[in-house]
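This report concerns only the one structure given below.
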Amino acid sequence: MEMVPTWAPAVGFTLLPHAGGFLGGMITKREIPIWYESLEKPSWRPPNWMFGPVWGTLYTSMGYGSYLVWKELGGFKEESMVPLGLYAGQLALNWAWTPIFFGAHKIGWGLVDLLLTSGAATATTVTWYHVNKKAAYLMFPYLAWLTLASVLNYRIWKDNKNKKQS
C-alpha cells in the first residue's frame, strides 16, 4: 500500500480553488471583448489585466488556509465539517459568479451571488479563526477583494440596468 507524500495534501488543497477559477476564466476571456466592454463601468475599477493575478493570489491563499484547517483538525472528521463545509460552500458560490455574471449576463444575480459569497466567506473566516488563526488571516485579503467586487458589481448593475441585456 503506497503512502501519500506528506506534501500532497498541501498542494491539493492549495490548487483546488484554481480549478473553478480556470474554468471561469475561459468564460470571462470570451465575454470581455464584446459584452463586458460594452457596459458602463466606473472610472475607479481595476484594469482588466489585474483580475487574473489577484484571483490567482487569493485562490492560493484561501486554498492553503483550508489545508491548515484540515491539518489542524486531523483531516476530514466530524470537527472539520463546519469549517471546511462553510469553505466549500463559499467556494461554490465564488465559482458560480462568473457563469452568472459573464456567462448569463445577469448582473443583478451576480451581485446576489457575491453578497452570499461574502457572507459565507466571512462565516468561514470566523470559524477558521477558532481553529487556526493563520488560516483566518489568509482570508482577509479575499474578504477585502469581495468588498471591492461587490461595490463594483453593484455600480455596474446600477449603471446598466436600463440597458437591454443580451
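Of all residue pairs spaced 6 or more apart or on separate chains, those with beta-carbon atoms under 8 Å, a first member in the range 32-46 that is acidic (Asp, Glu) and part of a loop (DSSP other than H, G, I, E, B) and a second member that is at pLDDT 95 or above and open to solvent by 20 Å² or more (accessible area, probe 1.4 Å) are Glu40/Asp159. Using the structure shown, decide if Gly110 is touching a residue at least 12 places away in the same chain (Cβ under 8 Å), part of a helix (DSSP H, G or I) and under 22 Å from Ala8 (Cβ atoms). Against the criterion (touching a residue at least 12 places away in the same chain (Cβ under 8 Å), part of a helix (DSSP H, G or I) and under 22 Å from Ala8 (Cβ atoms)), Gly110 does not qualify.
If the condition is being among the β-branched types (Val, Ile, Thr), in a helix (DSSP H, G or I) and without any contact (Cβ under 8 Å) to a residue 24 or more places away in the chain, then the range 1-17 contributes only Val11.
Yes or no, residue by residue, for (1) closer than 30 Å to Asp159 by Cα; (2) of a type in the set (Val, Ile, Thr); (3) free of Cβ contacts under 8 Å to residues at least 60 places away in the same chain:
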residue	(1), (2), (3)
Gly52	yes, no, yes
Thr60	no, yes, yes
Phe76	no, no, yes
Ser80	no, no, yes
Leu84	no, no, yes
Ala88	no, no, yes
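Within the range 32-53, the residues that satisfy the criterion of being of a type in the set (A, V, I, L, M) and surrounded by 12 or more Cβ atoms within 10 Å (Cβ to Cβ) are Ile32, Leu39. Being open to solvent by 10 Å² or more (accessible area, probe 1.4 Å), under 23 Å from Thr57 (Cα atoms) and not in a helix (DSSP H, G or I) is a condition met by no residue of the range 148-156. Among the residues of the range 61-91, those identified as assigned to a helix (DSSP H, G or I) and open to solvent by 60 Å² or more (accessible area, probe 1.4 Å) are Tyr64, Lys71, Glu72, Glu78, Glu79, Met81, Val82. Considering only residues in the range 18-31 that are of a type outside the set (Gly, Ala, Ser) and either part of a loop (DSSP other than H, G, I, E, B) or open to solvent by less than 50 Å² (accessible area, probe 1.4 Å) (or both), the one that is farthest from Trp55 (Cα to Cα) turns out to be Glu31.
The values are calculated or read from the model by the stated rules, or taken from the named source; none is laboratory data. In this text the structure is predicted, and so the values were computed from the model without any measurement. Cβ coordinates were reconstructed from backbone atoms using ideal geometry, including for glycine residues, and neighbour counts include every protein chain displayed. The area values use the complete protein model at the heavy-atom level, side chains included, leaving out ligands, DNA and RNA. Shrake-Rupley method; radii C 1.70, N 1.55, O 1.52, S 1.80 Å.
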